[in-house]
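Here the structure is laid out as structure tokens; the discussion comes afterwards.
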Amino acid sequence: MESSARREEAAPLTPREIFERLDRYVIGQDAAKRAVAIAAHNHLKRIQARRMRRQSLIKKSNILLIGPTGSGKTHIARNLADILQVPFTTVDATEYTEAGYYGKDVEVMVSDLLFKANHSVEDTQRGIIFIDEVDKIARRTQGARNGAGSRDIGGEGVQQSLLKLLEGREVHVPMNVTQAWNKSDFVQVDTRDILFICAGTFSDLHDYGDDGGRAMGFGADAAGGKRKEKRISTKQLVDFGMMAEFLGRMPVMVQLERLGESDLLRVLTEPPDAITREFKELLSLDEIELEFPESGLREVVRYSIARGLGARGLRSILEHVMSDIMFEAPERKHRQVTVDAEFVKARLAALDDVELNA
């Protein structure tokens, strides 16, 4: 953390530097990576100005990521935190309720970050909080059929509670995450320089094509081509159930594309932490030489695309494909194993979607 602090005092990473480092680990999504890099750079400049005790007009660059499952939303946020060398925590928006109801208060997410920062308040106040499933806390306008009214403790109330954190306030957060109800043991944290990255699928809004649906007919999706994606407007998000005040505190709205076959193939092979590299290293410890021909990996990718799993499903699929090899590896030393198309097809034939999504 000290080296990071010295770097920021000298000169914050440029948007290009942040983009290039993200590009090593995040395949595709160039527009999203550029937007996130610019927001992160402005965030670093804002922190630098505050540390130098300068008055600054730079506002918080909180980010809203919108995209289908497996498009890389969490992956971008996690790698951004590694690049900036700041504490990072992931929370699920559906776990929180508005104050006074059973469930987690929103301050607990700052407590999570405090824990990740080894209880250093200074490091916590410059960290990143990733709030997933934010589309699940949309306002529920329909009244309850059981006569209980339309009180919404998990939707609009949570959005309202998040406003103060997103904008930047001094809040009291519990020191012990497991005893969040114990208000006697807390610490004061300023959220003005905590970067919030919210993400959601907003599946009802994530349409393709000019008619708001999937293209049909000959050549509609030939050769794994990408469909033209419609931009989601702020008005659509408000109609969906997001508060205008909440969206106003998310000045950077980034829409991610659905990854195509070529992108998913690159996800399997190119990043330094690619799963195929992981399997090769694991089996090399058992003195087995593992080969992944492109034909076999394409079968994995097509299986993931057919079931709408995106990049997130690739590991689950490949884990299933490799299960027999991994089980027998210690008994098959000094051998070469090739995971080709026939090998993959044979093992995917009986694979059930339930197993992948479990």
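The values are calculated or read from the model by the stated rules, or taken from the named source; none is laboratory data. Since this is a predicted model, take the numbers as computed values, not measurements. Backbone-built Cβ (ideal geometry, glycine too); neighbour counts: all protein chains shown. All accessible areas refer to the heavy atoms of the entire protein, side chains included, with ligands and DNA or RNA removed. Shrake-Rupley method; radii C 1.70, N 1.55, O 1.52, S 1.80 Å.
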ALA244 versus (1) surrounded by fewer than 19 Cβ atoms within 10 Å (Cβ to Cβ); (2) under 30 Å from ILE194 (Cβ atoms); (3) touching a residue at least 40 places away in the same chain (Cβ under 8 Å): which is the lone unmet condition?
(3)
Quickly run through segment 294-339 and pick out the residues that are within 18 Å of GLU270 (Cβ to Cβ) and touching an Asp or Glu at 6+ places or on another chain (Cβ under 6 Å).
SER295, GLY296, VAL301
GLU278 fails exactly one of the following numbered conditions: (1) open to solvent by 80 Å² or more (accessible area, probe 1.4 Å); (2) over 21 Å from the mean Cα position of the chain (by Cα). What is the number of that condition?
(1)
Among the listed residues ILE18, ILE58, which satisfies the condition of being of a type in the set (Val, Ile, Thr), outside any strand (DSSP E or B) and free of Cβ contacts under 8 Å to residues at least 24 places away in the same chain?
ILE58
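Among the residues of segment 281-304 satisfying the criterion of being out of contact with any Pro (no Cβ under 7 Å at 6 or more places or on another chain), on the phi < 0 side of the Ramachandran plot and among the charged types (D, E, K, R), which is least open to solvent (accessible area, probe 1.4 Å)? Explain how you work it out, then say what you get.
Quick first cut of segment 281-304, residues out of contact with any Pro (no Cβ under 7 Å at 6 or more places or on another chain) only: 281-285, 287-304.
When the remaining residues are screened for being on the phi < 0 side of the Ramachandran plot, the result is 281-285, 288-304.
Filter once more, so that each one left must be among the charged types (D, E, K, R): 281, 289, 291, 294, 298-299, 302.
On the way: GLU281: 124, GLU289: 97, GLU291: 69, GLU294: 103, ARG298: 65, GLU299: 38, ARG302: 113 Å².
The extreme case among them is GLU299.
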Which of the residues that make up segment 86-114 are of a type outside the set (Ser, Thr, Tyr), at pLDDT 90 or above and open to solvent by 40 Å² or more (accessible area, probe 1.4 Å)?
ASP92
Considering each of ARG34, ARG53 in turn, give the residue that is assigned to a helix (DSSP H, G or I) and surrounded by fewer than 22 Cβ atoms within 10 Å (Cβ to Cβ).
ARG34
Residues in segment 172-206 that are within 19 Å of GLY72 (Cα to Cα), modelled with pLDDT of 80 or more and open to solvent by less than 20 Å² (accessible area, probe 1.4 Å) total 7
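Yes/no matrix, rows are residues, columns are (1) closer than 30 Å to ASN42 by Cα; (2) of a type outside the set (Phe, Trp, Tyr):
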residue: MET243; (1), (2): yes, yes
residue: PRO251; (1), (2): yes, yes
residue: PHE327; (1), (2): no, no
residue: VAL337; (1), (2): no, yes
residue: LEU351; (1), (2): no, yes
